[in-house]
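Worksheet: the structure to be examined is printed underneath.
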Amino acid sequence: MGIRKIVFLALLGVMGIGNVKAQTIDIDLSQKTVKRSQTPRFSVGSDRAMIFLRDEHQRDLKTLQAAAKFRYVRCHGIFNEEMHIVTRDADGSLRFDWTNVDRFIDQLKAVKLRPFVECGFMPEPLASGANTIFWWKGNVTPPKSQDEWAQFIQAFAKHEIALRGLGEVRQWYFEVWNEPNLDGFWTGGKDGYFQLYATTARALKRADAKLRVGGPATAGMGWIPEFLAYCKDNKAPIDFVSSHSYAATEGFLDESGKGGTTLVTTPETLVAEFTRARRDIQNSAFPKLSLFITEWGPSYSPRDPIHDSYVCAPFILEKLRQNENVVNGMSYWAFSDQFEEGGPPNEPFHGGFGLMNLDGLRKPAFFAYQFLGQLYDAEVPVDASRVIATKKGSRVRVLLWDYSPPKADSPNNPFYTRDLPASAKPDAVLSFTGLTPGAYKVSRVGTGWRRNDVYDAYLALGKPSGAAGLLPADVLAKLGAASSGAAESLPDIVVDHTGKADIALPMRTNDVWLLNLERK
């Protein structure tokens, strides 16, 4: 009996795998590698700029970056009235105070993030009306003067260039407004938005011609062909296209969580929309523009329990993998349940957008991004759509998942508030060739039903409440232990001169595993 077979049987015995059926995944490490796509970890979203000035948000931002290593953050409200940027002197002239804006950007810089600047909402002294959105009252009216708005935008860009250097600010992205095709976010209509876009883009380019600006930042991938035609016809600068989409039915805006959203589970969900947008760009006067999805996720509601469910982790991996070669970047909405569009949350698990809850407890979705962040840069081609194999020298890391969303008998709320046990699947046998001979340490870490599954652990404790949504210390300790993300050591393996080894992993519906091999 060869070493390869001995190792395989030993692992089967240690892991208690009783399912004789198995899916074999061949991984030939001698193949030429390709550079891992940067699309999955391009950006992540958050509530609004002002919330970054709170200690608890800074705490969770540090935790996120240590695990996931995103490049950008996109959030609302960098120009909200609560940022106290614009005042008007007695003579009518404008005065700008960038203190809070700079504090926000400094928090990003401290954890090696850059802003994907959403240029909005309207500072009250510049606004043409009083319409606002959300608990924190972002003004959604057009500027009463396009010239004053241009002055404001240009002053912002020049200030940041003077403070941080031209080379730094040229690496940012400037996106004009948020979802202007929804009346709640913009009262100026399509033509009014196009005018706002042109004014903003030209003001930024006056500050520096190489600043990157784009839009239309629409809900549901709207207005893209018309927007591109407008830019062509009016010679409006454009460096990228951005838009939003969620894998949910029933609409686009539901800050109160009463819309009856339902997860759309068809394989073409999201990727079909993004592919259509890519074609629209290719057929335009600007065929080489980047396409960024600056909001996406399983639901557009911040009160949707799908966000807390273990099913969310493989959903994220599935959609990121499908779109790696379609879009240039995706920004998951959002990283924290410290999210106040509908007002401050008051429940520990309320279906918030976040990868983490109010206390910073890590949900299964967090681990999807953590595991992506732990992959190496060199990807080994594998003929399996739900496997990403990477290596660095003799070290190997493999991410694999199952995505089998349960058949829902109701909308996400209440369906995903329930305990939803996983079903058994065939074991996954990773059949390696091309390994460097020698002894290897082997470990695995995963998420799935009751595995780094903080919501089900919370259910098992009887759904304890807390003060303003914050749990008591003893409950936090139990839930933290249930979602620690600690790796599990497996028996060492010895690879002989053939460079072959098989490693088996148990699989259930919606399981996610990260396997690590490190030569001793």
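The values are calculated or read from the model by the stated rules, or taken from the named source; none is laboratory data. In this text, all values refer to a predicted model and were calculated from it rather than measured experimentally. A quick note on method: Cβ atoms are made from the backbone with ideal geometry, for glycine too, and the neighbour counts reach across all protein chains shown. Surface areas here come from the heavy atoms of the whole protein model, side chains and all, with no ligands, DNA or RNA. Shrake-Rupley method; radii C 1.70, N 1.55, O 1.52, S 1.80 Å.
Against the chain, whose longest principal axis is taken from its Cα atoms, helix 99-110 shows a tilt of about 20°. Per-atom-type breakdown for the chain gives carbon and sulfur 49% of the accessible area (1.4 Å probe, protein chains only).
On the principal axes of its alpha-carbon atoms, the chain has extents of 90, 51, 40 Å, going from largest to smallest. A crude spin-label estimate for the pair Ala378 and Asp409, with each label 7 Å from Cα along the Cβ direction, gives 5.2 nm. With the whole protein complex present, Ile493 retains an accessible surface near 0 Å², based on a 1.4 Å probe. Test of understanding: what is the full-extension gain from Glu347 to Asp91, defined as 0.36 nm times their sequence separation minus their Cα-Cα distance? Difference between extended and current length: 87.3 nm. Taking Cβ atoms as reference points and 13 Å as the exclusive limit, the residues near Lys235 contribute a net charge of +2, counting Lys and Arg as +1 and Asp and Glu as -1.
Between segment 183-222 and segment 32-87, the alpha-carbon centres lie 21 Å apart.
Take every pair of alpha-carbon atoms less than 8 Å apart whose residues are at least six positions apart; their mean separation over the length of segment 261-384 yields a relative contact order of 27 percent. Solvent-accessible surface of segment 320-428, averaged per residue with a 1.4 angstrom probe and all protein chains in place: 32 square angstrom. Building the convex hull from the alpha-carbon atoms of segment 61-212 and averaging its projection over directions returns 9.3 nm². In the context of the full set of protein chains, segment 146-206 has a per residue accessible area of 36 Å² (1.4 Å probe).
Here segment 313-359 is described by how far its Cα atoms reach on the three principal axes: 39, 19, 14 Å, from widest to narrowest. Projecting the Cα atoms of Ser245, Leu64, Ala486 onto the dipole axis of the chain, where Lys and Arg carry +1 and Asp and Glu carry -1 at the beta carbon, places Ala486 farthest toward the positive end. Placing a label point 7 Å from the Cα of Leu163 along the Cα-to-Cβ direction, the residues of segment 27-69 whose backbone N falls under 14 Å of that point are 49-50, 53.
Quick check: with the 1.4 Å probe, what order do Lys32, Lys520, Lys69 take by accessible area, largest first?
Result of the area sort, largest leading: Lys32, Lys520, Lys69.
Please tell me the relative contact order of segment 355-494 in percent, rounded to the nearest whole number, where contacts are Cα pairs under 8 Å and at least six residues apart. Contact order relative to length: 27 percent.
Around the amide H of Arg48, modelled in the peptide plane, lie the amide H atoms of His76, all under 5 Å away and 5 or more residues distant in sequence or on another chain. Legend: calculated FRET efficiency, Ser489 to Lys21, from the Cβ-Cβ distance at R0 = 25 Å, rounded to 0.05, equals 0.40.
Using C-alpha pairs below 8 Å separated by at least 6 residues, the relative contact order for the chain is 19 percent.
Ordered from highest to lowest accessible area with the whole protein assembly present and a 1.4 Å probe, Ser242, Ser128 read as Ser128, Ser242.
Selection among Gly188, Met122, Ala460 by position relative to the dipole of the chain gives Ala460 as farthest towards the positive end (Cβ unit charges, Cα centre).
Length available on full extension from Ser423 to Lys112: 0.36 nm per residue minus the Cα-Cα distance, which gives 107.9 nm.
With respect to the cross-link table entries Lys288/Lys391; Lys205/Lys232; Lys158/Lys235; Lys144/Lys205; Lys392/Lys500, which display a Cα-Cα separation exceeding 25 Å?
Checking Cα-Cα distances, Lys288/Lys391 exceed 25 Å.
Restricting to the chain, compute how many DSSP beta bridges are antiparallel as a %, nearest 5. The antiparallel proportion sits near 55 percent. Computed with a 1.4 Å probe on the full set of protein chains, the accessible area for Ser385 sits at about 90 Å².
Accessible-area rank, largest first, for Tyr332, Tyr173: Tyr173, Tyr332, with all protein chains present and a 1.4 angstrom probe.
How much accessible area does Ile27 have with a 1.4 Å probe, in Å² rounded to the nearest 10? Surface open to solvent at Ile27 totals about 0 Å². Dividing the Cα radius of gyration of segment 292-417 by 2.2 N^0.38 Å, with N the residue count, gives 1.14.
The gain in end-to-end length when the Ala473 to Glu268 segment is fully stretched comes to 69.5 nm, 0.36 nm per residue minus the alpha carbon separation. Tell me, how many Å apart are the Cα centres for segment 293-315 and for segment 472-509? Centre-to-centre distance over Cα atoms comes out at 25 Å.
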